[in-house]
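Asker: Structure provided below as structure tokens; questions to follow.
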């Protein structure tokens, strides 16, 4: 039988060739590699569909890990990217581009309101759907 110290020494010697054969990571010379890219936005802007779409509501300069999309909708400045599309506030469910937006509270879209069925609500500072007229009951 081996003593504890002798066994540990023999095990280390047996494993030495296996440990020496392990790959060695290359040494990075020069600059330290950076992390994933980030893009700086100057305020509210549209989000790419791959990142849930819609509009980012942050009003001050900030960064995201996603690029501007579509790129043509943004202007690049020394301070960051600015979305040139209109960003329009809405509140509640409303008609929107032939469909119905089901967002309940205050939210933003990248397009203005439909021509009919909308009114600007000064109290909340957003477009809302006109209330449906009550129809007389049959009876």
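Coordinate-derived values only; no laboratory data. Keep in mind it's a predicted model, so treat the numbers as computed, not measured. Quick reminder, even Gly has a Cβ in these numbers, built from the backbone with ideal geometry, and neighbours come from all protein chains shown.
Asker: Along its principal axes, what span do the Cα atoms of segment 36-85 show, with the longest given first and each in whole Å?
Answerer: Cα spread of segment 36-85 along its principal axes, largest to smallest: 27, 26, 20 Å.
Asker: Okay, moving on. Once you have the Kirkwood Rh of segment 60-139 from its Cα pairs, apply Stokes-Einstein at 4 °C and 1.567 mPa s and quote D in µm²/s.
Answerer: On the way: Rh = 15.2 Å.
Rounded to a whole number, D works out at 85 µm²/s.
Asker: Also, I was wondering about something else. Find how much the distance from residue 122 to residue 101 grows on full extension, using 0.36 nm per residue of separation minus their present alpha carbon separation; answer in nm with one decimal.
Answerer: Numbers: separation 21, 0.36 × 21 = 7.56 nm, distance 2.03 nm.
Extending this stretch completely gives an extra 5.5 nm.
Asker: What is the distance, in nm, between label points placed 7 Å from the Cα along the Cα-to-Cβ direction at residue 69 and at residue 131?
Answerer: 4.1
Asker: So, one more: Over segment 86-133, consider all pairs of different Cα atoms and compute the Kirkwood hydrodynamic radius from their mean reciprocal separation; express it in Å, one decimal.
Answerer: Numbers: mean 1/r = 0.0944 Å⁻¹.
When all Cα pairs of segment 86-133 are included, the Kirkwood radius is 10.6 Å.
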